[in-house]
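Everything below concerns the one structure shown next.
The values are calculated or read from the model by the stated rules, or taken from the named source; none is laboratory data. All figures in this text were calculated on a predicted structure; none of them were measured in a lab. Heads up, the Cβs are rebuilt from the backbone with ideal geometry, glycines too, and the neighbour counts pull from every protein chain shown. Ligands, DNA and RNA are stripped out before the accessible areas are found, and what is left, the full protein with its side chains, is counted by its heavy atoms. Shrake-Rupley method; radii C 1.70, N 1.55, O 1.52, S 1.80 Å.
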Amino acid sequence: METGKQLLEIRLKTGMNRKEFAEYFEIPYRTVQDWELGNREMPKYLLRLIAYKIEMEKLTKE
């Protein structure tokens, strides 16, 4: 699975919209949008860090 789709799945699990997600992680909105739409490739290490932070801060909406 490509990183953009993985990021989208992670974001949807948090219940945040794209703007909230971008602000929470201090990533420009347009960058998150480009990653999710597949216009740019997200670094895999960053995807792992975001997933780790979400898990540690218990941000997922089960």
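Do we have THR31 as within 11 Å of the chain's Cα centre (by Cα) and surrounded by fewer than 16 Cβ atoms within 10 Å (Cβ to Cβ) here? For THR31, the condition - within 11 Å of the chain's Cα centre (by Cα) and surrounded by fewer than 16 Cβ atoms within 10 Å (Cβ to Cβ) - is met.
Scan segment 35-48 for residues that are open to solvent by less than 100 Å² (accessible area, probe 1.4 Å) and within 11 Å of the chain's Cα centre (by Cα) and the total you get is 5.
Considering only segment 3-28, state which residues are of a type outside the set (A, V, I, L, M, F, W, C) and surrounded by 15 or more Cβ atoms within 10 Å (Cβ to Cβ). Hits for segment 3-28 are THR3, GLY4, GLN6, ARG11, THR14, TYR24.
So in segment 50-62, with the set limited to residues that are farther than 15 Å from GLU9 by Cα and not basic (Lys, Arg), which one is most open to solvent (accessible area, probe 1.4 Å)? My answer is MET56.
Results for (1) in a helix (DSSP H, G or I); (2) touching a residue at least 60 places away in the same chain (Cβ under 8 Å); (3) aliphatic (A, V, I, L, M), shown as yes or no for each residue.
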| site | (1), (2), (3) |
| --- | --- |
| LEU8 | yes, no, yes |
| ARG11 | yes, no, no |
| ILE27 | no, no, yes |
| ARG30 | yes, no, no |
| GLN33 | yes, no, no |
| GLU41 | no, no, no |
| LYS53 | yes, no, no |
| LEU59 | no, no, yes |
